[in-house]
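Every number here is computed from the coordinates shown, using simple stated rules; none is lab data. Everything numeric here is computed off the predicted structure, so don't read it as measured data. Note that each Cβ is placed from the backbone with ideal geometry, even for glycine, and that neighbours are counted across all protein chains shown.
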Amino acid sequence: MSHILKFEDSDLTVHIPFGELLLSTLLRHGIIFPYACQSGMCGTCKCQLIKGRVDLDIYSDAALTADEFQQGFILACRARLLSDVTIRKLDS
Ligand code: FES
């Protein structure tokens, strides 16, 4: 079972296996995405959730503030999809 990840600015579609971290799947498929720590500490993988729902593993408030979370920002290295989602990369 998987959910579908779409990027707001492209036709790219990625199937994210249930329970797998968003960033892990992207990297496994060779998809370029900004990241560094892969542990929710740096914020490099921050992106915006445009549509859908995710569950976030534990992360540092320094990487994602409460205000950012309220505005729909997520950390790709901490996100597990709960539905099909669309995201916006911050560097595009
Ligand atoms: S790569 Fe550092 S918070 Fe995701």
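Rounding to the nearest 20 debye, state how big the charge dipole of the stretch 6-92 is about its Cα centre with +1 on each Lys and Arg Cβ and -1 on each Asp and Glu Cβ. Numbers along the way, then the final one.
Working: 9 positive and 11 negative charges, 30 e Å.
Its charge dipole is roughly 140 debye.
Please tell me the relative contact order of the chain in percent, rounded to the nearest whole number, where contacts are Cα pairs under 8 Å and at least six residues apart.
Numbers: 191 pairs, mean separation 34.7, N = 92.
So the answer I get is 38 percent.
Candidate cross-link partners of Lys89 among the aspartates and glutamates, defined by an alpha-carbon separation under 16 Å and a same-chain spacing of 8 or more, comprise Glu8, Asp9, Asp11, Glu68.
Is the shape of the chain best called rounded, prolate or oblate, per the rule: a/c under 1.5 gives rounded, else a/b larger than b/c gives prolate, else oblate, with a ≥ b ≥ c the square roots of the Cα gyration tensor eigenvalues? Provide the component values of the computation, followed by the final result.
Working: a/c = 1.38, a/b = 1.35, b/c = 1.02.
Rounded, since a/c falls under 1.5.
Before rounding to the nearest 500, sum -39500 (n - 2.57) across all DSSP H runs of length at least 4 in the chain and divide by the residue total; then give [θ] at 222 nm in deg cm²/dmol. Working shown, then result.
On the way: 2 runs with 12 residues, N = 92.
Helices in the chain give a 222 nm mean residue ellipticity of -3000 deg cm²/dmol.
Per-residue Karplus couplings for the stretch 61-71, computed as 6.51 cos²θ - 1.76 cosθ + 1.60 with θ equal to phi - 60°, are listed in order as 4, 6, 7, 8, 7, 4, 5, 4, 4, 5, 7 Hz, Gly and Pro entered as x. Picking from Thr65, Leu26, Val54, whose Cα lies most toward the positive end of the charge dipole for the stretch 2-89 (charges on Cβ: Lys, Arg +1; Asp, Glu -1)? My answer, from the dipole projection, is Leu26.
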